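Undergrad: Structure in structure tokens, see below.
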Amino acid sequence: MLDPRRLLTFAEVARRGSFSRAAEALALTQPAVSQQVAALERQLGVKLLERGPGGPATTEAGALLLAHANAIADRLAQADAQIAELVAAERETLRLGAFASAMSTIVPAAVARLTDERPGIQVDVTEISALDAGVAVADGRLHVAVCFQDMAVPRREPEGTERRDLGEEEMLAALPPAHPLAGRRRIALSELADDTWMAPSREHLIHRACVEAGFEPRIAYVTRDPLAIGELVGAGLAVTLVPGLLAGRLTGVSVVALSDRVPRRALYALTPAAGVRPAAQAFVDAAAAHLG
């Protein structure tokens, strides 16, 4: 089995391109660093670094090993952050991230159930995008995150995290009450081609769904705020697509089902790939029960 200390010493040399700078970073002498790398090369029976006037550079074998070393270093950093937090914490704290509409739907019910089960727990909640949430969970800044993704794109499970699917939901059309189509039970998405649109971004799910329906949406309003969505649509300024969980909470808005090309989104939770806190697992279970 590879010696982790030798592996991480090699990685530091490879990343910094210098034995002396690696020694300084590791608080070791340069001879000690050289000995560690040489011992690793002897153990593997292959040269990992080419020594030259410009500094050491990885060989093909060295580049391969460096990728594994970086992954190990990331996991050790994650473990260090988790252990340090457990040692320092005077009370149990759960750091949770969630996308905007989950903050008004999934999160309140799941946190309420969690605090009923664990009266002493403190929950810190931050609104965050799915992409940022994956990074924050992997590096230990968040213990758990609630995310969504367009079901038409490949499944997303960031490195250093574990994904648990919570469910899926259809997107519905949100129209001003005076809109000509507001009284219909179902409409085709293409019937909204001439309307002004609002969306959380100018790309991704809503834009993709409109393009697949045969038109380029004119997105004049970009917001993730559920309150703003309701007010802007209710005022007759735009139309949009909203998830089923949020649709029933919007006042002054007509919500109409789509008859074809119905976009769907997957709801899921992310926890660290290892060292999952019991409170984080309890939150995920509570969220799944709420959606179940």
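Undergrad: If you scan the stretch 49-70, which residues turn out to be in a loop (DSSP other than H, G, I, E, B) and either at pLDDT below 85 or open to solvent by 50 Å² or more (accessible area, probe 1.4 Å) (or both)?
TA: R51, G52, P53, G54, G55
Undergrad: Shifting gears a bit: Would you mind finding the one in A152, A174, A178 that is in contact (Cβ under 8 Å) with a residue 24 or more places away in the chain, under 29 Å from I128 (Cα atoms), assigned to a loop (DSSP other than H, G, I, E, B) and over 14 Å from the mean Cα position of the chain (by Cα)?
TA: A152
Undergrad: Testing I229 on (1) among the hydrophobic types (A, V, I, L, M, F, W, C); (2) without any contact (Cβ under 8 Å) to a residue 60 or more places away in the chain; (3) surrounded by 14 or more Cβ atoms within 10 Å (Cβ to Cβ); (4) farther than 19 Å from T105 by Cα, one condition comes back false. Which one is that?
TA: If we test I229 against (1) among the hydrophobic types (A, V, I, L, M, F, W, C); (2) without any contact (Cβ under 8 Å) to a residue 60 or more places away in the chain; (3) surrounded by 14 or more Cβ atoms within 10 Å (Cβ to Cβ); (4) farther than 19 Å from T105 by Cα, just (4) comes out false.
Undergrad: Quick one: what pairs do we get from the stretch 40-56, first residue more than 17 Å from R15 (Cβ to Cβ), second hydroxyl-bearing (S, T, Y) and surrounded by 12 or more Cβ atoms within 10 Å (Cβ to Cβ), C-beta under 9 Å, 6+ apart or different chains?
TA: V46/T59; K47/T59
Undergrad: Going by the conditions given, is G134 in contact with a strand residue (DSSP E or B) (Cβ under 9 Å, 6 or more places away or on another chain), at positive phi and surrounded by 16 or more Cβ atoms within 10 Å (Cβ to Cβ)?
TA: Criteria not met by G134.
Undergrad: Considering the stretch 209-237 alone, what residues qualify as being touching a helix residue (DSSP H, G or I) at 6+ places or on another chain (Cβ under 9 Å) and on the phi > 0 side of the Ramachandran plot?
TA: Passing the criteria: only G214.
Undergrad: Report the residue count in the stretch 178-226 for those that are closer than 16 Å to A100 by Cα, open to solvent by 30 Å² or more (accessible area, probe 1.4 Å) and of a type in the set (A, V, I, L, M, F, W, C).
TA: 1
Undergrad: It is to be established whether one or more residues within the stretch 157-166 are surrounded by 14 or more Cβ atoms within 10 Å (Cβ to Cβ) and out of contact with any strand residue (DSSP E or B) (no Cβ under 6 Å at 6 or more places or on another chain).
TA: Yes, there is a match, as at least one residue in the stretch 157-166 is surrounded by 14 or more Cβ atoms within 10 Å (Cβ to Cβ) and out of contact with any strand residue (DSSP E or B) (no Cβ under 6 Å at 6 or more places or on another chain).
Undergrad: Please state which of the following conditions T251 fails to meet, knowing it meets all the rest: (1) over 21 Å from R208 (Cα atoms); (2) in contact (Cβ under 8 Å) with a residue 40 or more places away in the chain; (3) among the polar types (S, T, N, Q).
TA: Unmet for T251, out of (1) over 21 Å from R208 (Cα atoms); (2) in contact (Cβ under 8 Å) with a residue 40 or more places away in the chain; (3) among the polar types (S, T, N, Q): (2).
Undergrad: Could you tell me whether any residue of the stretch 115-126 is of a type in the set (S, T, Y), open to solvent by 40 Å² or more (accessible area, probe 1.4 Å) and farther than 30 Å from I72 by Cβ?
TA: yes
Undergrad: Related question: It is to be established whether one or more residues within the stretch 69-84 are without any contact (Cβ under 8 Å) to a residue 24 or more places away in the chain and of a type in the set (S, T, N, Q).
TA: No - not one qualifying residue is present in the stretch 69-84.
Undergrad: So for the stretch 29-44 (the condition being open to solvent by 50 Å² or more (accessible area, probe 1.4 Å), of a type in the set (K, R), assigned to a helix (DSSP H, G or I) and under 21 Å from A280 (Cβ atoms)), does at least one residue qualify?
TA: No: the stretch 29-44 contains no residue that is open to solvent by 50 Å² or more (accessible area, probe 1.4 Å), of a type in the set (K, R), assigned to a helix (DSSP H, G or I) and under 21 Å from A280 (Cβ atoms).
Undergrad: Report the residue count in the stretch 97-135 for those that are closer than 20 Å to R155 by Cβ and either of a type outside the set (A, V, I, L, M) or assigned to a helix (DSSP H, G or I) (or both).
TA: 11
The values are calculated or read from the model by the stated rules, or taken from the named source; none is laboratory data. All figures in this text were calculated on a predicted structure; none of them were measured in a lab. When we count neighbours, we look across all protein chains shown, and the Cβ atoms used for this are built from the backbone with ideal geometry, even at glycine. We work out accessible area using only protein heavy atoms, side chains counted, and drop any ligands, DNA or RNA first. Shrake-Rupley method; radii C 1.70, N 1.55, O 1.52, S 1.80 Å.
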